[in-house]
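Trainee: Attaching a single structure in structure tokens format; questions to follow.
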Amino acid sequence: MTSFMPPAQKNWWAVPVGRQEIVWIAIALVWCLIMFFMMPFWHMYGDQNISNEGYRVTPIKYQAKVNEMIEKYKVREVGAMKTPVVAPPDGGDIYLMARLWSWYPMLELKKDVTYRLHLTSIDWNHGFSLQPVNINLQVVPGYEFVLNITPNKAGEYTIVCNEYCGIMHHTMLGKIWVKE
Amino acid sequence: MAQFRQCPDTGLFFHKEAENLMKANAVAGVVCLLIAGVLALLVVLTRWPAVHLLPADAFYMVLTAHGICALIFWVIFFEMAILYFAGSTLLRSRLATPRWAWAGFVLMIVGAVMTLAAVFAGKSSVMMTSYVPMRAEPSFYLGLVIFAVGALIGCFVYLGTLVVAKNEKTYEGSVPLVTFGATVACVIAIFTIASGAEILIPTYLWSIGYISHIDPAMYRVIWWALGHSSQQINVAAHVAVWYLIAGVIFGARPMSEKVSRAAYLLYIFFLQLASAHHLMTDPGISSEWKIFNTSYAMYLAVLASMIHGLTVPGAIEVAQRKKGLTNGSFEWLRKAPWGNPVFSSMFISLVGFGFLGGISGVVMGTEQISIIIHNTIYVPGHFHATVVIGTTMAWMGLTYLLIPVLFRRKMILPQAAKLQPYIFGLGMSLVAVFHMAAGTLGVARRHWDMGFAGNPLGFEYPATAYLLMGIAGIGGVIAVAGGALFIAIAVGSLVFGEKLQKEAGLLQSFGFPLADSAYTNEKPARLPMAPAEAVEADHGEAGFEAPGTFILAMVLLVSFVIYYFINWKYLSEVWGLS
Ligand SMILES: [Cu+2]
């Protein structure tokens with residue numbers, strides 16, 4: 001019953017610690033350090049890292065960049081809304097915009113080519129959730145996120161919004177096609 | 001003149017004012033749990049794809065209210081009761097400034113009602129996190145601020161009580177470990193509430209038009225210093241409850257006061273850094289910041305939890321072995337009182353928190369692994385393991401303990417109470433595990449329709465994801481049933497339970513005197529130090545006092561390592577990102 005009574009010894013801090021606890025603390029500490037160093041290790045040797053590149057941006061400036069890209073590289077339109085599909089040049093910049101409640105525009109990319117993806121929201125927070133690969137990024141208004149992305153498989157991909165953004169949140173989808 | 005009574009079952013002394021405050025806070029907490037539970041059922045039945053009960057607007061409103069009611073109101077009201085218990089009752093001290101404590105309680109009630117009213121009015125379906133620039137009604141933020149001020153007053157009353165106890169020399173030696181843990185929870189709570197004020201007060205001013213702009217990225221950083229740290233209050237407090245229950249049920253003493261307290265200090269120093277867990281895939285924050293903070297500076301708070309994970313069951317094992325349960329590695333555990341809901345709630349809380357909540361939390365909080373988990377339904381899966389199986393079940397165990405001690409009522413439906421922790425634990429484990437599984441398939445959290453009805457583009461999650469969400473739905477219904485049973489027993493006992501008279505109980509066998517439970521003006525005798533441990537033969541094996549616990553700890557570690565690297569493997573298969 002001593003967990004809720006004062007310790008039996010006045011100098012409880014001087015009581016030696018049992019072997020079992022020392023062994024466990026040592027093992028646990030080693031594991032903690034391994035987990036800690038895995039993160040910088042992956043930055044050096046892994047292929048999936050979040051970039052540190054980001055800028056403050058205003059919706060008007062960003063929309064201008066999006067429109068400029070669409071004008072240059074639009075390849076077709078999709079659906080009743082005539083959403084443009086853009087095929088950016090290899091290694092080029094992609095300006096993707098989140099808004100209530102769509103991802104704009106749609107993209108056509110090539111497998112194993114690296115692009116610079118710019119990402120922001122012009123209204124509220126949104127969540128970039130690329131399916132079925134399951135890559136998830138936070139999209140914060142006012143901040144332009146820049147990441148190098150390299151698709152490694154061909155196919156049709158869907159961007160789901162996974163940050164709650166209001167009543168039609170569940171309809172917020174975008175498309176990316178990756179070609180061989 | 002402070003009035004005290006001594007509980008004849010436990011020998012604990014209750015200061016009348018403190019006791020009334022504990023009762024009021026505990027009852028308010030259970031009422032919030034009831035509301036949260038009803039809302040949980042609606043959430044469950046909507047996210048269960050085959051049922052899909054609510055329309056979208058009602059779903060988001062109910063989800064917002066569920067989060068706030070469960071994650072903020074239920075746990076914090078109950079924490080106030082725990083603070084007063086740890087400060088006043090465990091130290092045999094009068095409570096400092098009971099009037100301030102009542103004022104705090106009233107503010108908490110007012111704030112809670114105000115925020116919930118704003119949500120149910122329908123224009124504040126912004127989720128618990130209320131990320132700007134999405135806007136709620138001003139009273140939504142104001143209610144939360146008022147609630148927090150009330151809780152802050154409670155924290156200071158607790159600290160004041162520690163000072164009173166020290167000055168009036170109500171105890172010998174150092175404060176008990178449970179009180180030490182509660183103090184850590186209190187310190188973290190003050191940090192948490194300060195962070196909350198720092199972000200919610202400006203947000204309130206913004207909502208009434210006084211401030212023009214709140215930076216959305218900064219909001220997330222500071223809000224999570226409130227949102228995540230508040231869950232760390234729970235961790236510190238429910239670990240204290242584990243130690244308390246181990247002490248009450250088994251007469252367990254900490255394996256080492258020094259180790260357990262040092263682990264608690266690590267919580268104070270490092271737990272709050274974990275607000276970073278939510279920001280791993282955010283723009284505008286550097287990797288250095290993310291790595292340092294998400295790992296609580298080299299995982300030192302995880303180390304602390306791993307220490308408690310060993311020393312809590314270890315203390316139980318040592319106590320059981322002293323009673324002669326020394327056969328094999330696990331006789332002490334097999335012959336534990338599994339039919340006693342105080343113990344079974346506590347033990348399920350311990351195991352579920354470690355294996356389901358702890359491991360998944362560290363894995364998803366890894367900077368890069370967050371890429372494949374962030375904002376999927378894996379996240380609610382994880383925190384239902386920590387906050388519901390971990391914290392809520394610890395509170396439930398404590399409630400079963402307090403019904404006779406604090407309220408002096410005999411528990412009704414003892415047979416049902418035996419089963420309740422298992423029903424609730426099983427249901428909530430299904431919720432946790434299957435939500436996590438569905439999250440690995442990309443199912444989004446806070447999402448009304450995984451079928452994306454109304455979007456011509458169309459997208460189908462794999463059929464397995466629907467199956468997993470269905471099983472999670474069944475688990476949710478089981479959990480709600482278990483929760484309803486808990487509330488029926490707890491509230492039923494207060495209303496219909498037989499009033500307890502003076503009678504010998506559990507702790508008289510440990511030498512506590514039998515006393516009448518009437519209030520007197522007499523000051524309790526000073527709380528003595530725990531009796532010194534008799535020098536006895538070592539009941540453990542190979543110099544290990546609690547060999548069975550060590551095996552369990554190694555099982556945890558191995559599961560942890562395997563699961564951790566499996567997730568790195570998954571990550572390595574996705575698109576290149578840099
Ligand atoms: Cu969205």
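Trainee: Might you let me know whether region B:274-295 holds any residue that is within 30 Å of A:Tyr55 (Cα to Cα), touching a strand residue (DSSP E or B) at 6+ places or on another chain (Cβ under 6 Å) and hydroxyl-bearing (Ser, Thr, Tyr)? Outline the logic, then answer.
Mentor: Here is the first cut: in region B:274-295, the residues within 30 Å of A:Tyr55 (Cα to Cα) are B:274-295.
Next, from what is left, pick out any that are touching a strand residue (DSSP E or B) at 6+ places or on another chain (Cβ under 6 Å): B:281-284.
Those still in the list that are hydroxyl-bearing (Ser, Thr, Tyr) too: B:281.
Looking through region B:274-295, at least one residue is within 30 Å of A:Tyr55 (Cα to Cα), touching a strand residue (DSSP E or B) at 6+ places or on another chain (Cβ under 6 Å) and hydroxyl-bearing (Ser, Thr, Tyr).
Trainee: Yes or no: region A:75-94 includes at least one residue that is within 9 Å of another protein chain (Cβ to nearest Cβ), closer than 22 Å to B:Met450 by Cβ and away from the ligand (no atom under 16 Å from the Cβ).
Mentor: Scanning region A:75-94 turns up at least one residue that is within 9 Å of another protein chain (Cβ to nearest Cβ), closer than 22 Å to B:Met450 by Cβ and away from the ligand (no atom under 16 Å from the Cβ).
Trainee: Scan region A:30-49 for residues that are open to solvent by less than 30 Å² (accessible area, probe 1.4 Å) and either part of a loop (DSSP other than H, G, I, E, B) or under 19 Å from A:Ile94 (Cβ atoms) (or both) and report the count.
Mentor: Total satisfying the criteria: 3.
Trainee: Would you mention how many residues in region B:560-578 are in a helix (DSSP H, G or I) and either within 19 Å of A:Ala26 (Cβ to Cβ) or not small (Gly, Ala, Ser) (or both)? Let's see the steps before the verdict.
Mentor: Initially, region B:560-578 is screened for residues in a helix (DSSP H, G or I), giving B:560-572.
Remaining after also requiring either within 19 Å of A:Ala26 (Cβ to Cβ) or not small (Gly, Ala, Ser) (or both): B:560-571.
The number of residues fulfilling the criteria is 12.
Trainee: Filtering region B:435-468 down to residues that are open to solvent by 60 Å² or more (accessible area, probe 1.4 Å) and within 11 Å of another protein chain (Cβ to nearest Cβ), which residue is modelled with the highest pLDDT?
Mentor: Top of the filtered list is B:Thr440.
Trainee: Which members of region B:124-139 meet the condition of being open to solvent by less than 10 Å² (accessible area, probe 1.4 Å) and under 22 Å from B:Val110 (Cβ atoms)? Before the answer, list the steps.
Mentor: Initially, region B:124-139 is screened for residues open to solvent by less than 10 Å² (accessible area, probe 1.4 Å), giving B:124, B:126-127, B:129-130, B:132, B:136.
Selection gives B:Ser124, B:Val126, B:Ser130, B:Ala136.
Trainee: Run B:Ala484 past the list (1) among the aliphatic types (A, V, I, L, M); (2) open to solvent by less than 50 Å² (accessible area, probe 1.4 Å); (3) part of a helix (DSSP H, G or I) and report the number of the one that doesn't hold.
Mentor: It is condition (2) that B:Ala484 fails.
Trainee: What single numbered condition from (1) under 30 Å from B:Ile403 (Cβ atoms); (2) in contact with a Ser or Thr (Cβ under 7 Å, 6 or more places away or on another chain); (3) modelled with pLDDT of 95 or more fails to hold for B:Phe347?
Mentor: Failing condition for B:Phe347: (2).
Trainee: Among the residues of region A:109-140, write down those that are open to solvent by 10 Å² or more (accessible area, probe 1.4 Å), at the interface with chain B (Cβ under 8 Å from one of its Cβ atoms) and of a type outside the set (Asp, Glu).
Mentor: Of everything in region A:109-140, those that are open to solvent by 10 Å² or more (accessible area, probe 1.4 Å), at the interface with chain B (Cβ under 8 Å from one of its Cβ atoms) and of a type outside the set (Asp, Glu) turn out to be A:Thr114, A:Trp124, A:Pro132, A:Val133.
Trainee: Of the residues B:Val27, B:Val31, B:Val44, B:Val51, which is aliphatic (A, V, I, L, M), over 24 Å from B:Ile245 (Cβ atoms) and assigned to a helix (DSSP H, G or I)? Don't jump to the end; show me each part of the working.
Mentor: On the way: B:Val27 fails: over 24 Å from B:Ile245 (Cβ atoms); B:Val31 fails: over 24 Å from B:Ile245 (Cβ atoms); B:Val51 fails: assigned to a helix (DSSP H, G or I).
Every option except B:Val44 fails the conditions.
Trainee: Please work out which residue is farthest from the chain's Cα centre (by Cα), limiting yourself to region A:139-154 and to residues that are of a type in the set (Val, Ile, Thr) and away from the ligand (no atom under 16 Å from the Cβ).
Mentor: Taking region A:139-154 first, the residues of a type in the set (Val, Ile, Thr) are A:139-140, A:146, A:149-150.
Subset that is away from the ligand (no atom under 16 Å from the Cβ): A:146, A:149-150.
On the way: A:Val146: 11, A:Ile149: 11, A:Thr150: 14 Å.
Among them, the one singled out is A:Thr150.
Trainee: Here is a list: A:Gln9, A:Gln48, A:Gln63. Which entry is under 30 Å from B:Glu545 (Cβ atoms) and of a type in the set (S, T, N, Q)?
Mentor: When all the criteria are applied, what remains is A:Gln9.
Trainee: Just give me the residues in region A:93-116 being out of contact with any Leu (no Cβ under 9 Å at 6 or more places or on another chain), free of Cβ contacts under 8 Å to residues at least 40 places away in the same chain and over 14 Å from A:Leu147 (Cβ atoms), in sequence order.
Mentor: Hits for region A:93-116 are A:Arg99, A:Val113.
Trainee: Examine region B:422-430 for a residue that is of a type outside the set (Asp, Glu) and in contact with a strand residue (DSSP E or B) (Cβ under 9 Å, 6 or more places away or on another chain), and state whether such a residue exists. I'd like the intermediate steps shown before the answer.
Mentor: Step one: of region B:422-430, the residues of a type outside the set (Asp, Glu) are B:422-430.
Still in the running and in contact with a strand residue (DSSP E or B) (Cβ under 9 Å, 6 or more places away or on another chain): none.
So far as region B:422-430 goes, no, none of its residues is of a type outside the set (Asp, Glu) and in contact with a strand residue (DSSP E or B) (Cβ under 9 Å, 6 or more places away or on another chain).
Trainee: Can you pull out the residues in region B:38-92 that are crowded, with 24+ Cβ neighbours inside 10 Å, of a type in the set (Gly, Ala, Ser) and farther than 25 Å from B:Trp223 by Cβ?
Mentor: Passing the criteria: B:Ala81, B:Ala86, B:Gly87, B:Ser88.
Trainee: Of the conditions (1) touching a Gly at 6+ places or on another chain (Cβ under 9 Å); (2) open to solvent by less than 40 Å² (accessible area, probe 1.4 Å); (3) among the β-branched types (Val, Ile, Thr); (4) farther than 30 Å from A:Asp123 by Cα, B:Val113 clears all except one; give me its number.
Mentor: Of everything listed in (1) touching a Gly at 6+ places or on another chain (Cβ under 9 Å); (2) open to solvent by less than 40 Å² (accessible area, probe 1.4 Å); (3) among the β-branched types (Val, Ile, Thr); (4) farther than 30 Å from A:Asp123 by Cα, B:Val113 misses just condition (2).
Trainee: Would you confirm whether any residue within region A:160-173 is touching a residue at least 24 places away in the same chain (Cβ under 8 Å) and more than 16 Å from the ligand (Cβ to nearest atom)?
Mentor: The answer is no; no qualifying residue exists.
Trainee: Return the pairs, sorted by first residue and then second, in which the second residue is within 13 Å of the ligand (Cβ to nearest atom) and charged (D, E, K, R), the first residue lies in region A:126-137 and is assigned by TED's automatic domain parsing to the domain that holds A:Asn152 and in a strand (DSSP E or B), the beta carbons are less than 7 Å apart, and the residues are 6+ apart or on different chains.
Mentor: Within 7 Å, the pairs are A:His126/A:Glu163; A:Gly127/A:Glu163.
Trainee: Somewhere in region B:177-198, is a residue outside any helix (DSSP H, G or I) and of a type outside the set (A, V, I, L, M, F, W, C)? Full working, then the answer.
Mentor: Let us first name the residues in region B:177-198 that are outside any helix (DSSP H, G or I), namely none.
No - not one qualifying residue is present in region B:177-198.
Trainee: A further question on this structure: Kindly evaluate A:Asn136 against the criterion of being within 14 Å of the ligand (Cβ to nearest atom) and in contact with a Phe, Trp or Tyr (Cβ under 8 Å, 6 or more places away or on another chain).
Mentor: So A:Asn136 fits the description; yes.
Trainee: Of all residues being of a type in the set (Phe, Trp, Tyr) and in contact with a strand residue (DSSP E or B) (Cβ under 8 Å, 6 or more places away or on another chain) in region A:99-125, which is farthest from the ligand (Cβ to nearest atom)? Just the residue, please.
Mentor: Checking each candidate, the answer is A:Tyr115.
Trainee: Scanning for something surrounded by fewer than 24 Cβ atoms within 10 Å (Cβ to Cβ), in contact (Cβ under 8 Å) with a residue 40 or more places away in the chain and not in a helix (DSSP H, G or I), does region B:419-434 turn up at least one residue?
Mentor: Checking region B:419-434: not a single residue is surrounded by fewer than 24 Cβ atoms within 10 Å (Cβ to Cβ), in contact (Cβ under 8 Å) with a residue 40 or more places away in the chain and not in a helix (DSSP H, G or I).
The values are calculated or read from the model by the stated rules, or taken from the named source; none is laboratory data. Keep in mind that what you see is a predicted model, and the values were worked out from it rather than measured. Positions of Cβ are generated from backbone atoms using ideal geometry, with glycine treated the same way; all protein chains shown enter the neighbour counts. With ligands, DNA and RNA removed, areas are computed over all heavy atoms of the protein, side chains included. Shrake-Rupley method; radii C 1.70, N 1.55, O 1.52, S 1.80 Å.
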